[in-house]
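> I'd like to ask you about the structure that follows.
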Amino acid sequence: MYSISTKITISKKAALSENTFRNDEAIPSARATFICCDCGCENTIKITPYESGFSIFQAYNEDKVLSKDELLKHGMVSRTSQRMLHFGEFTVNDLPTLYFGTDCTSCHSKYIGVFSYGEKQPGLMILTISGVWKYE
């Protein structure tokens, strides 16, 4: 996983094996696979709560990586409800939202993944991957 610091263009959303992990399913790490849009290779992503990812704010701040409109258009995030605005303007599932860059292990196509992790209600921790998208 890596941070993305230059402007990117989203092309396609990859097929993802699983996108929601509850409580112990995310500890110590959540693992999901996605299928490369170019070569069809299966790739594994491993998300460790509180260690993996970079703030989604870094991606849309000053349109450095993606614009707010692009994030919404591709369904990467949604507008945060009024009661949860302390997590930022855009979130996944109204929880702290992060992103990461990754590559296909076979053809090295570049992908961006977006996920959230946090306590949805007392005793319910949820890690939700909104998706993995190929980018140029």
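> Taking the solvent-accessible surface of protein heavy atoms with a 1.4 Å probe, what is the per residue accessible area of the chain in Å²?
52 Å²
> Let me ask another. Could you please state how large a percent of the accessible area of the range 3-106 is carbon and sulfur, counting protein chains only and using a 1.4 Å probe?
So the carbon and sulfur contribution to the accessible surface is 47 percent.
> Excluding Tyr135 itself, what net charge comes from residues whose Cβ is under 15 Å from its Cβ, given Lys and Arg +1 and Asp and Glu -1?
Counting the neighbours of Tyr135, the net charge comes to +2.
> Taking just the C-alpha trace of the chain, give me its Rg and Dmax in Å.
Cα-based Rg and Dmax for the chain come out at 14.2, 43 Å.
> Are there GluC sites (Glu not before Pro) in the range 59-95 that DSSP marks as loop and that have at most 15 other Cβ atoms within 10 Å, and which are they? Kindly include the intermediate steps, with their values, before the conclusion.
Working: sites: Glu62, Glu70, Glu89; in loops: Glu89.
Sites meeting the loop and neighbour criteria: Glu89.
> Quick check: pseudo-label points 7 Å beyond the Cα along Cα→Cβ at Thr48 and Glu62, how many nm apart are they?
Those two pseudo-labels are separated by 3.1 nm.
> Here's another thing I want to ask about it. Number of Lys pairs in the range 4-85 with C-alpha atoms less than 23 angstrom apart, excluding same-chain neighbours closer than eight positions?
Taking the range 4-85 as the scope, the lysine pair count is 12.
The values are calculated or read from the model by the stated rules, or taken from the named source; none is laboratory data. Remember, it's a predicted structure, so these values are computed and weren't measured experimentally. Positions of Cβ are backbone-derived with ideal geometry, glycine not excepted, and every protein chain shown enters the neighbour counts. Surface accessibility is based on the protein's heavy atoms, side chains included, excluding ligands, DNA and RNA. Shrake-Rupley method; radii C 1.70, N 1.55, O 1.52, S 1.80 Å.
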